[in-house]
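Visitor: One structure, as structure tokens, below. Some questions next.
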Amino acid sequence: MGHSDAAPVPVVVFVYGGAWGSGDRSIYCLLALQMAKELNASVICPDYSIFPKGNVLNMIQDISDSLLWVREKGHAYNLDQDNIILIGHSAGAHLCSITTLFLVNNVEELFIETNKQRDLVSAIKGIIGLSGVYSIMDHYKHEKMRAVEYVSTMHKAMDGVENFDYYSPTSLLKKLNKDQLKRVPPVGLLHGTNDIIVPAESSVMFSELLTSLSVSMSLYLIPKMNHTEMVTDLMAPDRHFYHSVYGCIKQEYRKFQG
């Protein structure tokens, strides 16, 4: 908005959460509007094939296709196709990170040509994960502890326990070679310390792994914040955590813009 004659505008692709089985982009209009204002960017919020309509591979394909759309059609909307930031919440943070790692790994199942996958990776300037899941097995153990593993759609969306490793950013990172690791974009992780749905330990452990592999990363633990506040409080400036969360996001965003 208001950028039509100016230089191309940076793009934020926001991927919502919902345990891989719920959510809809219409819920996030307020968030997208505030994020666009705060970051002075165009915000795209794609829908993806949630379970049972799709499995996690279909979700990753949908997210990568939406990135491809930015690259191929973005000029019509004055978007800077070489300046994409991925921001995801909860399952959305998992999808942002696993999609990027699939692209870095040039996975054939994305049905995107190798050179286009390479271009997409270099266009992604950074990933911001909000209260994300990065090890599926660890999260499954946490679900079991809360006795919600059968209510949760996670293991069904992953096509069973045997695929947990394949869809875990932590596992995939460990398998990348040195050249691939150099192409992983910088990562910013935010997590509330009062999160019982996805414990903050998820981001802490992921941050330690990224650091050990020399991937540029930052970790922000926000005191007294729970799982849903991480996303609801980005929707209106009078919300309790609005300024502190946007403060962290902006810090990362500026870093990504170099």
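The values are calculated or read from the model by the stated rules, or taken from the named source; none is laboratory data. Keep in mind the model is a prediction, meaning the values are calculated, not measured. Please note: Cβ atoms are built from the backbone with ideal geometry, for glycine as well, and neighbour counts cover all protein chains shown. Calculation scope for accessible area: heavy atoms of the full protein, side chains included, ligands and nucleic acids excluded. Shrake-Rupley method; radii C 1.70, N 1.55, O 1.52, S 1.80 Å.
Visitor: I'd like to verify a number: residues in region 33-76 that are in a helix (DSSP H, G or I) and touching a strand residue (DSSP E or B) at 6+ places or on another chain (Cβ under 7 Å), how many?
Guide: Pass one, region 33-76, residues in a helix (DSSP H, G or I): 33-39, 56-76.
From what is left, the residues that are touching a strand residue (DSSP E or B) at 6+ places or on another chain (Cβ under 7 Å) are 35-36, 39, 63, 66-67, 70-71, 74-75.
Residues flagged as in a helix (DSSP H, G or I) and touching a strand residue (DSSP E or B) at 6+ places or on another chain (Cβ under 7 Å) within region 33-76 amount to 10.
Visitor: Would you confirm whether or not region 178-187 contains a residue that is under 25 Å from Ala19 (Cβ atoms) and hydrophobic (A, V, I, L, M, F, W, C)?
Guide: yes
Visitor: Check every one of the helices (runs of 4 or more DSSP H) wholly within region 161-224 and list those with 1 or more residues that are hydroxyl-bearing (Ser, Thr, Tyr) and in contact (Cβ under 8 Å) with a residue 24 or more places away in the chain. Steps first, please.
Guide: Numbers: elements: 169-175, 178-183, 201-212.
Answer list for region 161-224: 169-175, 201-212.
Visitor: Next question, about the same structure. Among residues belonging to region 236-258 that are among the hydroxyl-bearing types (Ser, Thr, Tyr) and within 18 Å of the chain's Cα centre (by Cα), point out the one that is nearest to Pro10 (Cα to Cα). Break it down into steps so the answer makes sense when it comes.
Guide: Filtering region 236-258 for residues among the hydroxyl-bearing types (Ser, Thr, Tyr) gives 242, 244, 246, 253.
Adding the requirement that they be within 18 Å of the chain's Cα centre (by Cα) leaves 246, 253.
Values: Tyr246: 17, Tyr253: 10 Å.
That would be Tyr253.
Visitor: Turning to a different aspect of this structure: For region 212-235, what are the residues that are within 16 Å of Pro169 (Cβ to Cβ) and either aromatic (Phe, Trp, Tyr) or under 18 Å from the mean Cα position of the chain (by Cα) (or both)?
Guide: Val215, Ser216, Met217, Leu219
Visitor: Taking only region 121-140 into account, find how many residues are closer than 24 Å to Asp165 by Cβ, open to solvent by less than 10 Å² (accessible area, probe 1.4 Å), not in a strand (DSSP E or B) and not aromatic (Phe, Trp, Tyr).
Guide: Residues that pass the stated criteria total 5.
Visitor: Between a residue in region 12-25 that is outside any loop (DSSP other than H, G, I, E, B) and any residue that is surrounded by fewer than 20 Cβ atoms within 10 Å (Cβ to Cβ) and of a type in the set (Asp, Glu), which pairs come within a Cβ distance under 7 Å, given they are 6 or more apart or on different chains?
Guide: Arg25/Asp47
Visitor: Please work out if His227 is at pLDDT 95 or above, touching a strand residue (DSSP E or B) at 6+ places or on another chain (Cβ under 8 Å), within 26 Å of Arg146 (Cβ to Cβ) and assigned to a loop (DSSP other than H, G, I, E, B). Before you say what the answer is, go through the steps one by one.
Guide: Working: at pLDDT 95 or above: yes; touching a strand residue (DSSP E or B) at 6+ places or on another chain (Cβ under 8 Å): yes; within 26 Å of Arg146 (Cβ to Cβ): yes; assigned to a loop (DSSP other than H, G, I, E, B): yes.
Yes; evaluated as a whole, the condition is true for this residue.
Visitor: Would you check which residues across region 230-258 are under 30 Å from Met137 (Cα atoms) and either among the β-branched types (Val, Ile, Thr) or at pLDDT below 95 (or both) and list them?
Guide: Val231, Thr232, Val245, Ile249
Visitor: Going by what's in this entry, would Ser97 be described as hydroxyl-bearing (Ser, Thr, Tyr), in a helix (DSSP H, G or I), in contact (Cβ under 8 Å) with a residue 60 or more places away in the chain and in contact with a helix residue (DSSP H, G or I) (Cβ under 6 Å, 6 or more places away or on another chain)?
Guide: Details: hydroxyl-bearing (Ser, Thr, Tyr): yes; in a helix (DSSP H, G or I): yes; in contact (Cβ under 8 Å) with a residue 60 or more places away in the chain: yes; in contact with a helix residue (DSSP H, G or I) (Cβ under 6 Å, 6 or more places away or on another chain): yes.
Yes.
Visitor: Let me spell it out: the conditions are (1) within 18 Å of Ala236 (Cβ to Cβ); (2) touching a strand residue (DSSP E or B) at 6+ places or on another chain (Cβ under 6 Å); (3) touching a residue at least 60 places away in the same chain (Cβ under 8 Å), and Val9 meets all of them except one. Which number is the exception?
Guide: Here Val9 clears every test but (1).
Visitor: Would you tally the residues in region 42-54 being within 17 Å of the chain's Cα centre (by Cα) and either crowded, with 20+ Cβ neighbours inside 10 Å or of a type in the set (Gly, Ala, Ser) (or both)?
Guide: Within region 42-54, the subset within 17 Å of the chain's Cα centre (by Cα) is 42-50.
When the remaining residues are screened for being either crowded, with 20+ Cβ neighbours inside 10 Å or of a type in the set (Gly, Ala, Ser) (or both), the result is 42-45, 48-50.
The number of residues fulfilling the criteria is 7.
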